[in-house]
Amino acid sequence: MKKLLFGMAAVVASAAITLTGAAQVEAAEKKVRWKLAMTWPSTLTPLASPAPKLAKMVSDMTDGNFVIKVDGKEKHKAALGILDMVKGGQYEMGHSASYYWKGKNITTTLFTTAPFMMTAAELGSWLYYAGGMELMQKTYDQYGVYAFPGGNTGVQMGGWFRKEIKTVDDLKGLKMRIPGIAGEVFAKLGVTVTNIPAGELYTSLDRGTIDALEWVGPAMDIKMGFHKVAPYYYTGWHEPASDMQFLINKKKFDRLPPKFQAVLKTAMQAVSADMYFENFGMSAEAWSKMKTEFPNIKVKTFPPEVLKAMKKATDDVMESYAAENAEFKAVYNSQKAFMEKGREWSK
Ligand code: CA
């Protein structure tokens, strides 16, 4: 009996040898566990939508062998520290908006949006089909991370104001939360500009720490309750199409099996497109109900004189960065050249 068992063991062992090829493939797909940090609290859809959807897709497409755990801001408490955490390797991935790294590198702002610049279709086409992603990567190479498009909000509203803005003088002395290059433009027009994370926006407005703020659009803004304090709701000029990014630690990505790299890239592009459509739908829904459900909201467009001053200040800010910064100039010129063609077609 013992002999027979040993004999069977030998048969099983030889069968295993013939499986070596397949087993090697399996070994290459050993389980990978990553963590991803979002700038947003987990409940802040649609900004918080792409990362969890990505994690599910990646797990499904790898039979559960590539698992990405998503942490919202409530977990890591560093909404504006995503680039540093991915660079340092505490998180393999992040999901955020490039213009939050303005203090490190002004060029990063252009990969999110800039006043009077591209629409979502124009920016997406520039990124995927006109060399934009290569330019974005050149900038992010300096931080040891890969950057990929991570979803677009489309045009954002110009923000909530306590008082109506009738002239450029009405902007003077205003304290406003407005990030990116738009903040510098407003600063030139006399506004005191700050950036405040999502969780503190309503309190800051309510307590008078700020007089005005911009956030995203009706779907996200109305939920925050800004209209209760600042009922003048202005149409957009400063964020014609704000792109989010997935950031990935380069060393970690380079060590992934090629199949997992391909899965990750495919899933990032899919959830990026998905966020744009999700946000468009949510905005359309919220806008259609706004007049009846929140009759105190006064939708306004900045007067032509004010818009003209904003455009002039924007051109001054952009040109002065381009004059002193070759990296900024290369990206800005590439975007402007693409816009000249793209805008004619958009019209
Ligand atoms: Ca915004």
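At-a-glance table
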| quantity | calculated |
| --- | --- |
| Trypsin sites (Lys or Arg not before Pro) within segment 112-170: DSSP coil, no more than 13 neighbouring Cβ in 10 Å | LYS163, LYS166 |
| Dimensions in Å of segment 173-321 - Rg and Dmax from alpha carbons | 18.9, 56 |
| Extension gain from LYS228 to LYS259, taking 0.36 nm per residue of separation minus the Cα-Cα distance | 6.1 nm |
| Positive-end residue, segment 248-287 charge dipole about Cα centroid, Cβ charges, pick of PHE280, PRO258, MET268 | PRO258 |
| Cα-based equivalent ellipsoid of segment 83-170: semi-axis lengths in Å, sorted from largest, via gyration tensor | 28, 17, 12 |
| Scattering curve values for segment 131-225, log₁₀ I(q)/I(0), Debye with Cα scatterers, q = 0.15, 0.16, 0.18, 0.25 Å⁻¹ | -0.72, -0.79, -0.90, -1.27 |
| Mean separation of Cα contacts under 8 Å (6+ apart) over length of the chain, as relative contact order % | 23 percent |
| Solution diffusion estimate, µm²/s, Stokes-Einstein, segment 217-265, Kirkwood Rh from C-alpha pairs, 25 °C, viscosity 0.890 mPa s | 165 µm²/s |
| In Hz, Karplus ³J(HN,Hα) per residue of segment 330-338 (6.51, -1.76, 1.60; θ = phi - 60°; x = Gly, Pro) | 4, 6, 4, 5, 5, 5, 5, 5, 5 |
| Accessible-area composition of the chain, carbon plus sulfur, in percent [1.4 Å probe] | 59 percent |
| Relative pair counts by distance (%), Cα atoms of segment 101-150, 5 Å bins | 4, 20, 32, 26, 14, 4, 0 |
| SER59 paired with ALA273, simple spin-label distance in nm, labels 7 Å along Cα-to-beta-carbon | 2.4 nm |
| Computed magnitude of the charge dipole of segment 74-194 (debye, nearest 20; Cβ of K, R +1, Cβ of D, E -1) | 480 debye |
| Computed E for THR167/ASP206 - FRET, C-beta separation, R0 22 angstrom, nearest 0.05 | 0.25 |
| Å² per residue, accessible surface of the chain at 1.4 Å | 47 Å² |
| Linear extension gain, GLU293 paired with ALA330, 0.36 nm per residue minus alpha-carbon span | 8.7 nm |
| Ratio of the Cα radius of gyration of segment 202-290 to 2.2 N^0.38 Å, where N counts its residues | 1.52 |
| Cα-Cα separations in the chain greater than 38 Å, expressed as whole percent | 23 percent |
| Neighbourhood charge, 14 Å Cβ-Cβ cut-off, centred on PHE294 and excluding it, Lys, Arg +1 and Asp, Glu -1 | +2 |
| Estimated 222 nm signal from helices in the chain, with DSSP H stretches of n ≥ 4 weighted -39500 (n - 2.57), rounded to 500 | -15500 deg cm²/dmol |
| Charge sum, other residues only, whose C-beta stays under 13 Å from SER49's C-beta, Lys/Arg counted +1 and Asp/Glu -1 | 0 |
| More than 12 angstrom apart: percent of Cα pairs within segment 271-332 | 78 percent |
| Protection-proxy order for peptides 256-265, 109-118, each taking the mean of Cβ atoms within 10 Å per residue, highest first | 109-118, 256-265 |
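The values are calculated or read from the model by the stated rules, or taken from the named source; none is laboratory data. In this text, all values refer to a predicted model and were calculated from it rather than measured experimentally. Counting neighbours? That spans all protein chains shown, and the Cβs are built from the backbone with ideal geometry, glycine included. In case anyone asks, the SASA skips ligands and DNA or RNA and just uses the protein heavy atoms, side chains included. Shrake-Rupley method; radii C 1.70, N 1.55, O 1.52, S 1.80 Å.
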